[in-house]
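Chemist: There's a structure below that I have some questions on.
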Amino acid sequence: MTTLPTVHLNGTSAKDLFEGWKNFTEKLEDALEEAKKIEFNARDYYVQGNHAWPAAHDEFRAMLVAINDAKEKALAVCIHVQDIMLRK
C-alpha cells in the first residue's frame, strides 16, 4: 500500500511533486539496470563454504525486490499526481 499525497494550496505543487517522484522512479529503474551489470557469480563465494553463495544470492535478490518495490510505490505516486494534473 502506498500513502498518496494530497495536492492542495498549502502543499507542494502538483508539478513539483510529479517531477520529484518521476525523477526518483527513474533513478530506481537505473539502479535495477545497473544491478544487471554486476558480475555476480558463485565462484566469488565458494571459498567461504557452501552456505556463502546461497546467502549472497538471497541477499542480492532481496535488494532487487526492495528496489523494485520502492520503484512501484514511487510510480504509484507519479500516476496519482499526474491524474490530478490532468483533471485540472
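The values are calculated or read from the model by the stated rules, or taken from the named source; none is laboratory data. Quantities reported herein were computed from a predicted structural model and do not represent experimental measurements. Here the Cβ is made from the backbone with ideal geometry for all residues, glycine too, and neighbour counts use every protein chain on show. The accessibility values were calculated without ligands, DNA or RNA, using every heavy atom of the protein model including side chains. Shrake-Rupley method; radii C 1.70, N 1.55, O 1.52, S 1.80 Å.
Chemist: Starting from the range 48-66, take each residue that is over 15 Å from residue 38 (Cα atoms) and outside any helix (DSSP H, G or I) and list its partners that are among the aliphatic types (A, V, I, L, M) and open to solvent by 100 Å² or more (accessible area, probe 1.4 Å), counting only C-beta distances under 9 angstrom and pairs at least six apart or across chains.
Modeler: Every condition considered, no pair remains.
Chemist: Every residue in the range 61-88 that is touching a helix residue (DSSP H, G or I) at 6+ places or on another chain (Cβ under 8 Å) and more than 16 Å from residue 30 (Cβ to Cβ), please. Even if it seems obvious, please write down each step before you answer.
Modeler: Step one: filter the range 61-88 for residues touching a helix residue (DSSP H, G or I) at 6+ places or on another chain (Cβ under 8 Å), giving 63-64, 67-68, 70-71, 74-75, 77-78, 81-82, 84-85, 88.
Scanning the range 61-88 gives 77, 81, 82, 84, 85, 88.
Chemist: Out of the residues in the range 38-47 that are of a type outside the set (Val, Ile, Thr) and outside any helix (DSSP H, G or I), which is most open to solvent (accessible area, probe 1.4 Å)? Give the derivation first.
Modeler: Here is the first cut: in the range 38-47, the residues of a type outside the set (Val, Ile, Thr) are 39-46.
When the remaining residues are screened for being outside any helix (DSSP H, G or I), the result is 39-41, 45.
Values: 39: 123, 40: 56, 41: 49, 45: 56 Å².
Among residues in the range 38-47 that are of a type outside the set (Val, Ile, Thr) and outside any helix (DSSP H, G or I), the one most open to solvent (accessible area, probe 1.4 Å) is 39.
Chemist: Looking only at the range 1-21, filter to residues that are more than 19 Å from the chain's Cα centre (by Cα) and open to solvent by less than 50 Å² (accessible area, probe 1.4 Å); which one of those is farthest from residue 85 (Cα to Cα)?
Modeler: 11
Chemist: Taking the range 22-37 only, how many residues are open to solvent by 90 Å² or more (accessible area, probe 1.4 Å) and not charged (D, E, K, R)?
Modeler: Of all residues in the range 22-37, those open to solvent by 90 Å² or more (accessible area, probe 1.4 Å) come to 24, 27, 34, 36-37.
The next check asks that each one be not charged (D, E, K, R); those that pass are 24.
Count: 1.
Chemist: I need a count of the residues in the range 1-35 that are over 13 Å from residue 72 (Cβ atoms) and assigned to a helix (DSSP H, G or I).
Modeler: Selection size over the range 1-35: 16.
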